[in-house]
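These notes concern the structure reproduced below.
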Amino acid sequence: MAVLKIARMGHPALMGVARPVSDPTEPGIRRLAQDMLDTMRDAPGIGLAAPQVHVPLRMVIYMVPESRTNDSEGQPLTVLINPEITVLDETTEEGVEGCLSLPGMSGKVARPRHIRVQALDLDGNELDYEAEGFHARVIQHECDHLDGILYPMRMTDLASFGYVEEMTKPSE
Ligand code: NI
């Protein structure tokens, strides 16, 4: 088990465009996926992209707990290598997002609600599926990290951006 250090917003590791994984079946890639899982569970979080742990490769992991969604089913732990997203419905939906690279903060982001995902898994198999609602949001958020995009860069109204602890305080 290895818990890796997570880069926070401002770190150059989060800014670049990550490069494709050349061989998803390489033992080093499986080890990275395991370390990313350990890191995500330790944080704790529901998604993590390789650039967040200072590895500039196109690889993300995520899961959707049943408790976090009322618009899509819970999703098991999924590893996406070299993911490609196609928007199937341009209709956007606003939702609150957080990120392990911006600890303690959250903000509202509008994202397309229905996408198609194509990627490889750790055995080199092709994945091709559709995701909707919160599931689609998680995937888009994680894949944005591969292009150096953090969720505040997608926000259109920074008024909803702030520290979670402050937001949950009753108003005076
Ligand atoms: Ni994030």
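The values are calculated or read from the model by the stated rules, or taken from the named source; none is laboratory data. On a predicted model such as this, the values are computed, not experimentally measured, just so you know. Because the Cβ atoms are built from the backbone with ideal geometry, glycine has one as well, and the counts that use them run over all protein chains shown. These accessible areas exclude ligands, DNA and RNA; they are computed on the full protein's heavy atoms, side chains included. Shrake-Rupley method; radii C 1.70, N 1.55, O 1.52, S 1.80 Å.
Structural remarks
- Selection within segment 122-151 - more than 16 Å from the ligand (Cβ to nearest atom) and assigned to a helix (DSSP H, G or I): Gly133
- Just one of (1) open to solvent by 30 Å² or more (accessible area, probe 1.4 Å); (2) touching a His at 6+ places or on another chain (Cβ under 9 Å) fails for Ala131. It is (1).
- When each of Ala119, Ala110 is tested for being in contact (Cβ under 8 Å) with a residue 12 or more places away in the chain, crowded, with 17+ Cβ neighbours inside 10 Å and either more than 16 Å from the ligand (Cβ to nearest atom) or basic (Lys, Arg) (or both), the lone residue that passes is Ala119.
- Exclusive hit being within 16 Å of the ligand (Cβ to nearest atom), open to solvent by less than 30 Å² (accessible area, probe 1.4 Å) and part of a strand (DSSP E or B), set Leu80, Leu37: Leu80
Let's see how each residue does on (1) farther than 24 Å from Met15 by Cβ; (2) touching a strand residue (DSSP E or B) at 6+ places or on another chain (Cβ under 6 Å):
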position: Ile46; (1), (2): no, yes
position: Ala50; (1), (2): no, yes
position: Val53; (1), (2): no, no
position: Val60; (1), (2): no, yes
position: Ser67; (1), (2): yes, no
position: Gly74; (1), (2): yes, yes
position: Leu77; (1), (2): yes, yes
position: Thr92; (1), (2): yes, yes
position: Leu102; (1), (2): no, no
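- Residue within segment 46-53 that is touching a helix residue (DSSP H, G or I) at 6+ places or on another chain (Cβ under 9 Å), more than 14 Å from the ligand (Cβ to nearest atom), of a type in the set (Val, Ile, Thr) and open to solvent by less than 60 Å² (accessible area, probe 1.4 Å) present: no
For every residue, the table says whether it meets (1) in contact with a strand residue (DSSP E or B) (Cβ under 6 Å, 6 or more places away or on another chain); (2) closer than 18 Å to Asn82 by Cβ; (3) open to solvent by less than 90 Å² (accessible area, probe 1.4 Å); (4) not aromatic (Phe, Trp, Tyr).
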residue: Ile6; (1), (2), (3), (4): no, no, yes, yes
residue: Ala18; (1), (2), (3), (4): yes, yes, yes, yes
residue: Ala33; (1), (2), (3), (4): yes, yes, yes, yes
residue: Val64; (1), (2), (3), (4): yes, no, yes, yes
